[in-house]
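Derivation of every value follows stated rules applied to the coordinates shown; laboratory data play no part. Computed from a predicted model, the values in this text were never measured in an experiment. Using ideal geometry, Cβ is built from the backbone for each residue, glycine included, and neighbour counts are taken over all protein chains shown.
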Amino acid sequence: MPMTVQIVCLMIAAVLPYAMAGASVPFRNRQFGKVDIEHPRVQGEKLVDAGARAWGAQSNAWEALIVFGLANLTAMVAGADPSGMWSIAAPLWVVARIGHGVFYIRGQARLRVACFVVGIVMSLWIFSLALVAA
């Protein structure tokens, strides 16, 4: 069975941390007058307010990518049906993680946490589909 949905979701998941890094650029320019390409991590750690939240969203996106990637790999190896519930869980994860980044940067903590929880639940759901298929 083709895994088009899952592959597209993994591609989006792989781009999200870079998108969050890009979201920090206006805040870096505003706070420091430029983006320090020689010491971007040091500069990122000095960001405040929405810039700091964009930096945090990037870090969290990397962490979430690892769990989501492993869940999908496990489901694939276990032989989970890519046209079944997996094809619902993966896009829901993507929507939740995009929402997480947006709400993180905007400082909307409750919505951010809700999206975080949905993302974790979707990853766990994909792992459970792998368990059932194994």
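Note on the stretch 1-29: residues that are in contact with a Leu (Cβ under 7 Å, 6 or more places away or on another chain), surrounded by fewer than 17 Cβ atoms within 10 Å (Cβ to Cβ) and touching a residue at least 60 places away in the same chain (Cβ under 8 Å) total 0. Of the residues making up the stretch 28-47, those that are of a type in the set (Lys, Arg) and within 18 Å of Ser59 (Cα to Cα) number 3. Filtering the stretch 60-83 to residues that are in contact with a helix residue (DSSP H, G or I) (Cβ under 7 Å, 6 or more places away or on another chain) and among the hydrophobic types (A, V, I, L, M, F, W, C) leaves Ala61, Trp62, Ala64, Leu65, Val67, Phe68, Ala71, Ala75, Ala78, Ala80.
The C-beta contact set for the stretch 104-132 (first residue surrounded by fewer than 15 Cβ atoms within 10 Å (Cβ to Cβ), second residue part of a helix (DSSP H, G or I) and charged (D, E, K, R), distance under 7 angstrom, 6+ apart or interchain) comprises Gly107/Arg53. Within the stretch 122-134, the residues that satisfy the criterion of being touching a Phe, Trp or Tyr at 6+ places or on another chain (Cβ under 9 Å) and not small (Gly, Ala, Ser) are Met122, Trp125, Ile126, Leu129.
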